[in-house]
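The values are calculated or read from the model by the stated rules, or taken from the named source; none is laboratory data. As the structure is a computational prediction, the values presented were derived from the model and not from experiment. Ideal geometry is used to build each Cβ from the backbone, glycine not excepted, and the neighbour counts take in all protein chains shown. Please note that ligands, DNA and RNA were not included when accessible areas were found on the heavy atoms of the full protein model with its side chains. Shrake-Rupley method; radii C 1.70, N 1.55, O 1.52, S 1.80 Å.
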Amino acid sequence: EDKVVQSPLSLVVHEGDTVTLNCSYEVTNFRSLLWYKQEKKAPTFLFMLTSSGIEKKSGRLSSILDKKELFSILNITATQTGDSAVYLCAVGMNYGGATNKLIFGTGTLLAVQP
Amino acid sequence: GAGVSQTPSNKVTEKGKYVELRCDPISGHTALYWYRQSLGQGPEFLIYFQGTGAADDSGLPNDRFFAVRPEGSVSTLKIQRTERGDSAVYLCASSRSGRGDTQYFGPGTRLTVL
């Protein structure tokens with residue numbers, strides 16, 4: 001059965017801290033791994049990763065994929081209260097266009113305290 | 001449009017009633033997806049449209065759930081004989097082509113079945 005596991009389930013930090021969120025997966029026909037930030041209802045796209053070892057970076061956020069060990073990490077440096085959200089990891093499947101569904105983990109709830 | 005929109009934002013209904021949830025994808029996106037998110041969980045795939053046709057409906061939980069996209073743009077998710085267990089946030093996403101490209105989510109419809 002395809003699955004995506006995120007850890008920790010929740011995390012409380014103080015402003016300025018650096019956090020690392022983890023995502024491991026066991027899926028058939030892996031195509032890509034995506035990170036989303038969910039503050040209220042709409043997940044907002046952060047990164048899509050398809051190749052191992054290539055870091056993607058956007059401001060204070062960065063992410064990397066290891067396709068050999070089947071995991072990804074999302075790093076947030078110098079955290080701010082506005083980073084408080086649920087961070088979702090999802091894996092896209094590759095069935096030659098027959099489907100494009102994402103398999104999501106349960107998310108990591110990050111709370112950044114002032 | 002600028003992003004994916006969904007209506008209504010909230011829907012409260014009684015057990016046994018019929019509901020329709022609407023999704024307007026990003027203009028020009030041929031692929032459209034429906035997901036369901038229960039409290040404390042990640043989104044769970046329901047159905048994927050490529051144009052007007054349902055390319056993958058393997059996530060629909062039973063035959064009370066049905067979705068259409070008659071003109072290849074707007075989609076409607078229809079739930080018959082609603083049950084309390086159907087209460088969740090229903091998220092819609094769209095992507096440019098459906099060939100593994102990024103899915104952009106709408107704000108969702110929170111369905112509450114009393």
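The relative contact order of chain A comes to 37 percent, based on Cα pairs under 8 Å that sit 6 or more residues apart. Averaged over residues, the count of other Cβ atoms within 10 Å places the peptides A:36-46, A:77-87 in the sequence A:36-46, A:77-87, highest first.
Peptides A:19-30, A:100-111 ordered by packing proxy, namely the average of other Cβ atoms within 10 Å per residue, highest first: A:100-111, A:19-30. Summarising the label geometry, the points placed 7 Å from Cα in the beta-carbon direction at B:ARG84 and A:LEU70 lie 3.8 nm from one another. Rolling a 1.4 Å probe over the protein heavy atoms gives the protein assembly as shown an accessible area of 47 Å² per residue. Normalising by residue count, region B:1-102 has a Cα convex hull of 103 Å³ per residue.
Taking Cα centre as origin and charging only the Cβ of basic (Lys, Arg, +1) and acidic (Asp, Glu, -1) residues, the dipole magnitude of chain B rounds to 240 debye. Per-peptide packing, taken as the mean over residues of other Cβ atoms within 10 Å, places A:4-16, B:69-81, B:31-43 in the sequence B:31-43, B:69-81, A:4-16 from highest down. Share of antiparallel DSSP beta bridges in the protein assembly as shown, in percent to the nearest 5? Of those bridges, close to 90 percent are antiparallel. Quick one: length gained pulling A:SER62 to A:GLN80 fully straight, 0.36 nm per residue minus the C-alpha distance? Length gained between A:SER62 and A:GLN80: 5.0 nm. Quick one: how many lysine pairs does the protein assembly as shown have with C-alpha atoms less than 16 Å apart and a gap of 8 or more or different chains? Give me the count, please. Close lysine pairs under the 16 Å cut-off: 9.
Counting only other chain Cβ atoms within 10 Å of each residue's Cβ, the peptide B:29-40 averages 2.
Relative to the Cα centre, the charge distribution of the protein assembly as shown, modelled as +1 at Lys and Arg Cβ and -1 at Asp and Glu Cβ, gives a dipole magnitude of about 400 debye. For chain B, averaging the sequence separation of C-alpha pairs within contact (under 8 Å, six or more residues apart) and dividing by the residue count gives a relative contact order of 37 percent.
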